[in-house]
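Only one structure is covered here, and it is reproduced in the block below.
Computed from the coordinates by the stated procedures, all read-outs in this text should not be read as laboratory data. Everything numeric here is computed off the predicted structure, so don't read it as measured data. Virtual Cβ from ideal backbone geometry, glycine too; neighbours counted across all protein chains shown.
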Amino acid sequence: RAASGRPDPCPAQQSQSRPGPSIRTDSVPGPRSKQLMEEANKKQLPHGIYVFLLTTANPAATTLWMLMATLCWTCSCRSPLCPSYEQPSIIQIGAKFSGNVHQPTGPGKFARHPTGVDRLNASLLSVAPKGLSRVQTMMCGSCANENAIKMLFMRYMAKQRAGRPVSQQELDSTMLNELGTPRLSILSFKRSFHGRTLGVLSCTRAIHKLDVPAFQWPAVDFPAYKYPLEQHQEHNAKQEKLSLAAETVNRQRATEPVAGLIVEPILAEGGDIHARPEYFKALRSLCSKLDVPLLVDEVQTGGGLCGTYWAHEQWGLDSRQTRGRCWAASTSATTWCRTSSTGCTTPGWGEPSKVMLLEAVIRTIKEEKLMDSVLEAGTALTKGLEGLSQRYRKLIKQSPRAGH
């Protein structure tokens, strides 16, 4: 066992009872992986593939630990966020899922396995943010944001109609992208990253949308703190002013009204940029005052990375909020979506196998007390980085804050 009392991730008896992994090539990726990459390159874009792993030939490869400073592989959809796909409890899901794929239609739509609702309760809804009781499963982080943004637009238009039914003119005009598809906008922050699909690229402030048409949606600055925080209070207070966001929302009312504001708890792709909980509280209050829903994008911060299942839990919000994957039952968007006959809110229902994986991930996090490990390691890391930032101020601009 480790010093903390939790199981050692690579116990000595494990290495003695079965052969460990080994590197048999002079480089990684090896020649066979390079050959397979060349083959894949003829048919698709394999930029996200770094190596091909054959784990079935060796049961010991449930997690590849290369000790003696060689190599450590822990592969997942976003490896920092959740246990590896090679985690034993997750490997077992493969056999369980085999009985779910033989359905009369594609998994998730029209016909669903009877355990589907139970699995949602045991996975996503078991860690839903406080006050949020409903969930919409999607296929990826980008389309989760896309669907949430669609719901914000629908909410806005439902309020504009004030209870009147959708007119035939509105329905007919949607075919021509006219009256039925209104000119609305989403306010985002500069340096934010919300996905690579066509819609959310208009909220993403990065070069990834080069050559891709985008909506001319507004963006405002995110706080750019100076560290240590306690030594730059005056500068940081100016950074947290929200007057520009309010001015932007009011200005947009005449052209493309803002239907929602999207924000990351940590601007990850934008450079690991943090903001204080007090800033997010003020932002939430402003959104409530302006009647602009706040959409919290936790694609890269959810899942326990920050010491809580959701990073926004650390803001100390005193009221319920609408999010990309979970929402409160009282929101008008939900009411409209559940009664809509247009099919606008039918995204395909997500992918059931990933719900099964998530169930195993959450169970592993709880059973192995991984959240405690995150807090313990994060506290030690932050303390060390703060010391280094004081010692090497010209080299280290800031140290992480959220969850550590």
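Placing unit charges on the Cβ atoms only, positive for Lys and Arg and negative for Asp and Glu, gives segment 138-348 a dipole magnitude near 420 debye about its Cα centre. Dividing the mean sequence gap of close Cα pairs (under 8 Å, 6+ apart) by how many residues segment 138-348 holds gives a relative contact order of 23 percent. In segment 146-196, a dipole from Cβ-located charges (positive for Lys and Arg, negative for Asp and Glu) runs towards its positive end, and of Gly180, Tyr156, Gly195 it is Gly195 whose Cα lies farthest in that direction. Applying 0.36 nm per residue to the separation of Arg391 and Cys140 and subtracting their alpha-carbon distance, the gain on full extension is 86.2 nm. The simple spin-label model puts a point 7 Å past each Cα toward its Cβ; for Ser167 and Arg251 those points are separated by 3.1 nm. Each residue in Phe215, Phe222, Phe153 was given a count of other beta-carbon atoms within 10 angstrom of its own, and listing them fewest first yields Phe215, Phe153, Phe222. Of the cross-linked pairs Lys150/Lys354; Lys42/Lys209; Lys150/Lys281; Lys238/Lys369; Lys226/Lys366; Lys209/Lys394, those separated by over 28 Å at the C-alpha level are Lys238/Lys369; Lys226/Lys366; Lys209/Lys394. For segment 128-157, applying the loop criterion from DSSP together with a ceiling of 12 other beta carbons within 10 Å to the trypsin sites (Lys or Arg not before Pro) yields Lys130. Candidate cross-link partners of Lys34 among the aspartates and glutamates, defined by an alpha-carbon separation under 16 Å and a same-chain spacing of 8 or more, comprise Asp26.
The three principal axes of the Cα atoms in segment 138-348 give end-to-end lengths of 61, 33, 32 Å, sorted in falling order.
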